[in-house]
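The next block holds one structure in the form of structure tokens; read it before the comments.
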Amino acid sequence: MADPGTGPTSAGTPSSKSTGSQTLDRGIRALVMVAASSGGLSVQEVADRLEVHRTIAHRLLATLAEHHLISRGQDNRFRAGGGLTALAGGVQSALRDTSMPIMRELADELESTVALLVREGEEVVAIAVATPTKAAYHLAFRTGSRHPLGRGSAGIALLSALPARPDERPEVTRARTQGFSVSKGEVEPGAHGLAVLIHQGGDVPGACLNLITYRDDVMARAVPVMLDGASRISALLS
């Protein structure tokens, strides 16, 4: 008699191959569900939609999160992750390609670093950076850098595009009214940040331009320049 752990399976029992295919199918379906949900999904919601036990859904989501295809926010809801963007290759290419020429102009005009950041769950991620070509010095900022949503000028700006949250920072409320956000020392000690939302035609803006500088004189003249740059990018994307 064959060992049931290694031998042929009986009728009606999935083989290891079919079990693997079923797991893969569920994982892909879970990924598609999460990626399509702007507000994210909880473990239980994924379990209900897949019609599986919560434990199975949790295991699938944990595996996807390990590969950065999805990310778990502070609200315990899962949303699309940065690895999904990298896997898709070019998902953000139109945004980057459209923004970079204008970002380079802004970086040279303001003699400062300008970054393009997007919202990823409860985090903000830089997907492109432009640096000035003639400035004596500038603040370095790396593509792929991330920090919590709501911290720094970019986090504040992107949070201001979402519905108001209980006990939100007054800076977020102010950014909704004035159309830009500023901060100092929240991401890089001593550095100023100035962020302006980019509108891509969707209901909720998920990207912004962020000026990063140590110079007070640059901040004093940067608001209209950054607003104009973001407006030009938004017009090209709409």
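Since every read-out is calculated from the coordinates, none of them should be taken as a lab result. Note that the structure is predicted; figures quoted are calculated from it, not measured.
With an 8 Å cut-off on Cα pairs and a minimum separation of 6 or more residues, tell me the relative contact order of segment 16-87 in percent.
Values: 81 pairs, mean separation 21.7, N = 72.
Over segment 16-87, the number comes to 30 percent.
Hey, what D do you get for segment 92-237 in µm²/s if you plug the Kirkwood alpha-carbon radius into Stokes-Einstein at 20 °C and 1.002 mPa s? Don't skip to the end; give the middle numbers.
Details: Rh = 14.8 Å.
Diffusion coefficient, whole number: 145 µm²/s.
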When all C-alpha to C-alpha distances in segment 16-87 are sorted into bins of 10 Å, what percent of pairs does each bin hold, rounded to whole numbers? 22, 57, 19, 2
From Cα pairs below 8 angstrom and at least 6 apart in sequence, can you work out the relative contact order of segment 119-238, rounded to a whole percent? 20 percent
Restricting to Cα pairs below 8 Å that are 6+ residues apart, what does the relative contact order work out to for the chain? Please round to a whole percent. 13 percent
Among the Cα-Cα pairs of segment 118-157, the proportion with separation greater than 16 Å, in percent, is 41 percent
